[in-house]
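A short write-up of the structure that comes next.
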Amino acid sequence: MTSKQSRRRPPLLILPSLAWFIVFLIIPIGIVLLYSIRHKGAYGQIDWHLSLDNYRRAFEPIYLLIVVRSLWLAAYTTAICLALSYPLAYFMARSSDSAKKILLALVIIPFWTNFVIRVYSLKLVLGENGTINTILMKLQLITVPLQLVDNQFGVSIGMVYNYLPFMVLPMYVALDKFDFTLMDAAYDLGATKTQTILRVLLPLSLPGIVTGSLFVFIPAFGEFVIPDLLGGSQSMYVGTLITETFLKSRDGPFGSALSSFLVLFAMGAFMFVLSRQAAADETQRLRPLEGPALTPAADAGVSLHV
Amino acid sequence: MSDQLELEFEHVTKMFTGDRVVVKNLSFSVKKGEFFSFLGPSGCGKTTCLRMVSGLERPTSGLVRMSGKVVNDIHPHKRNVHTVFQKYALFPHLNVFENVAFGLRMKKRPAAEIKERVDRMLRMVSMQDYTRRSIQQLSGGEQQRVALVRALVNEPAILLLDEPLAALDLKLREQMQRELSALQKQLGTTFIFVTHDQGEALTLSDRVAIMNAGNIEQIGTPTEVYEQPATTFVARFVGTTNVFSGPASQTNLSGGMPGVAVATDGFGTLFAKLDEARPLPAAGDSVGLVVRPEKIRIRVTAPAATSPSSAHAANGAPEAQTPGGHTVNVLRGTLIERIYFGPTTQIKLQISDRLPPIIALVANQTATKMPSLKMGERYYAVWDAADSILVASSPATAPLPA
């Protein structure tokens, strides 16, 4: 009834968001794509000589190395977030209703602080004269300050710290809907704890794991602020590469080509996961946990500002 | 002797956090091959008992034995006990076959054996054509059958059933009751069944344990708990009943039979035959006197050999009367409710405004034998002293069903 009505009437209410998407998404991506096939001329001007040279250039070994390094950073950030989030989300889901609210707030509160400030304060905590080193020195556990920042370690800490909630929230949403009597049923049928986790808990919380991993992996792959602030000068990642190509080399066309790759990669990963889930739904016709609708933050009744 | 026992509870107490006692000092045993039921209102501790058998809960104190061996510290997956859960707890990510095969897969049985046993079980409950179906595609009754064979395929020594029929509609429930009963006889497995439905417990069980607020009030065959309830709680919970209470004293009934007179509050003195099997309550002790509605006869006139003056005493106060040599109890009241059930009619007689009405069940055998009963008219409720049952007064702790 309602769907028929809405089909007959022009959907006026979606016009504002449609306009928004066209102005701020479709057109910019179009501009980026157009730039990526143009050329930086000898004097820094952008030529109308159209070719795929920029894309070819992106496959040079020096850039591939950066891509691989970024993939590796994104992969282990995702893995560490997953390992930390799962027990936490499980614990939250099994807590009483009032404890749930408090724990959820604790996960979200850091987001009320500006992202750059948060990352910068990590530099203060981890730095040579930072909190951790001062304490360790005072306790006389170390004599020389540890190098905790301006290296790969600092970047890793910053990445995990920043992306953890993106993993916790979808996971919590999935586990909160999990029927824990299924675990009793598994024990009852002779499953050990490990078997119960592998055969019942994990498969049924898979949608949360997948969503959380996407939420962490995709932005982590293109991250540039955290490596920039906490990684010192040595390490170059895809995000930093694009920033520098635009701002330092002033090579807009090549930067655009790199950006297009990033967008394509994110979309590809997304489509792949969605199609896999759709396929699983089709074969089993199951909706075990009503797989988080890719908006776990909204589901959990919170919003994130990064 | 003890090898005949499947399960024993010895002084088992279970407390949850905050010192909430859910099961108090329970001792009972279940024989091999028995269909044993826990019957009680919700929150009486019956499900907790079941979970202590399956190992999902650990007793705070006391011993749980299976085939003579103490199993307090044995993890559920090592017990040869399987459960049919209240809402079935079927695995939504697995199809019917894989749900049933789950237990065998956990025990790493060979694939051929798993297929053979699962197929045989599904055939037994006529679900052989559903193997590839997902759980969401099944009706309530079908899910119930899958849950049942998922547990039974592992050939448990004890099958626990936690209100497995509660979610089904009446017709389906009756059908499943018959199937359960037939299955249990066929397999000879010990069944321990939890329910709050007294009809279900009486129809299915060899023995019933009636629980109230963490205690077992009585264990007995369905006939015993119905015909000889041990406490007023049991009398009220199992079937409809009239309960009177008051201090008891010994008396002689007509014919010199030893009897008990109970001085009830408002209903006058009521009589019961003294049961040799049960101890006589100490004089003055408050006891319950129970009479089932179907034992009460409705009369338009006072029974013979009744002096009008005594029968018409204030508020229908009764007398020990002896028509034909039996001591009978007589109460007089106004007909306030009449419910036609088909084979029987249930009647409520209001004796006095401040007292609960008397419930009687009249068999509709011959239309002519019984004068049609009119609302608002006054009638006599009559029953033999031998049909009164003396019970211990249970403290009114748990809410009772109406």
Discussion item. How much of the DSSP bridge set in the protein assembly as shown is antiparallel, in percent, rounded to the nearest 5?
Written reply: 80
Fill in: Cα gyration tensor shape of the stretch A:86-239, rounded if a/c is under 1.5, else prolate or oblate by comparing a/b with b/c
prolate
Worksheet item: Averaged over all directions, how much area does the convex hull of the C-alpha atoms of the stretch B:34-87 cover when projected, in nm²?
Response: 4.6
Fill in: Qualifying lysines (Cα of each under 28 Å from Cα of B:K374; at least 8 residues distant if same chain)
B:K295, B:K348
Worksheet item: If Lys and Arg each add +1 and Asp and Glu each add -1, what is the summed charge of the other residues whose beta carbon sits under 14 Å from the beta carbon of A:I109?
Response: +2
Worksheet item: Based on the alpha carbon coordinates of the stretch B:1-122, what radius of gyration and maximum Cα-Cα distance (Dmax) apply, in Å?
Response: 16.8, 50
Response to the item:
Here Rg/Rh (Cα, Kirkwood) for the stretch A:192-253 equals 1.31
Fill in: Shielding by other protein chains, B:91-98, mean Cβ within 10 Å
5
Practice prompt. Counting only C-alpha contacts under 8 Å and six or more residues apart, can you give the relative contact order of the stretch A:154-249 as a whole percent?
Written response: 36
Worksheet item: What percentages, rounded to whole numbers, describe P(r) for the stretch B:158-242 computed over all alpha carbon pairs with 5 Å bin width beginning at zero?
Response: 3, 14, 25, 23, 18, 13, 4, 0
Item to complete: Anything over 20 Å Cα to Cα? Flag those among A:K101/A:K177; A:K101/B:K14; A:K40/A:K248, in the order listed.
Response: A:K101/B:K14
Discussion item. Residue by residue through B:76-87, how many Cβ atoms from other chains fall within 10 Å of the Cβ on average?
Written reply: 4
Worksheet item: Taking K and R as +1 and D and E as -1, what net charge do the other residues with C-beta under 14 Å from the C-beta of B:S42 add up to?
Response: -2
Discussion item. I'd like to compare B:167-178, B:32-43: which one has the highest average count of other Cβ atoms within 10 Å, and what's the full order after that?
Written reply: B:32-43, B:167-178
Fill in: Cross-link table B:K32/B:K87; B:K46/B:K107; B:K31/B:K87; B:K31/B:K69; B:K78/B:K107; B:K32/B:K185, entries beyond 18 Å C-alpha to C-alpha
B:K32/B:K87; B:K46/B:K107; B:K31/B:K87
Worksheet item: What order do you get for B:6-19, A:189-202 when each peptide is scored by the mean count of other beta carbon atoms within 10 Å, highest first?
Response: A:189-202, B:6-19
Item to complete: Please sort A:16-22, B:214-220 by packing, taking for each peptide the average over its residues of neighbouring beta carbons within 10 angstrom, highest first.
Response: B:214-220, A:16-22
Practice prompt. Find the relative contact order for the stretch B:185-242 and round it to a whole percent, using C-alpha pairs within less than 8 Å whose residues are 6+ positions apart.
Written response: 24
Fill in: Reachable aspartates and glutamates, given that their alpha-carbon falls under 18 Å from the alpha-carbon of A:K123 and they are not under 8 places away in the same chain
A:D150, A:E223, A:D228
Practice prompt. Return an integer: the convex hull volume of the alpha-carbon atoms of the stretch A:89-142, in Å³ per residue.
Written response: 118
Discussion item. Which one, B:R105, B:R207, B:R145, has the greatest fluctuation when you compute a Gaussian network model over chain B with C-alpha springs under 10 angstrom?
Written reply: B:R105
Worksheet item: Bin by bin, in steps of 10 Å, what percent of the Cα pairs in chain B do you find, going until the bin that has the longest distance?
Response: 5, 19, 25, 21, 15, 10, 4, 1, 0
Worksheet item: Dipole size in debye (nearest 20) for chain B around its Cα centre, Lys and Arg Cβ +1, Asp and Glu Cβ -1?
Response: 1000
Response to the item:
Inter-chain shielding metric for A:191-200, i.e. average beta-carbon neighbours from other chains within 10 angstrom, reads 3
Worksheet item: In whole Å, how far is the Cα centre of the stretch A:69-94 from that of the stretch B:91-124?
Response: 34
Worksheet entry | Neighbourhood net charge (15 Å Cβ-Cβ; Lys/Arg +1, Asp/Glu -1) for B:I336 | +3
Response to the item:
Taking chain B and counting helices only, DSSP H stretches of n ≥ 4 at -39,500 (n - 2.57) each over all residues, the nearest-500 ellipticity at 222 nm comes to -6500 deg cm²/dmol
Fill in: Convex hull volume per residue for chain A, taking Cα atoms only, in Å³
224
Discussion item. Taking every pair of distinct Cα atoms and averaging 1/r, then inverting, what Kirkwood hydrodynamic radius in Å comes out for the protein assembly as shown?
Written reply: 32.4
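Laboratory data are not the source of any read-out in this text; all were calculated from the coordinates shown. On a predicted model such as this, the values are computed, not experimentally measured, just so you know. All Cβ positions, even for glycine, are placed from backbone atoms using ideal geometry, and neighbour counts span all protein chains on display.
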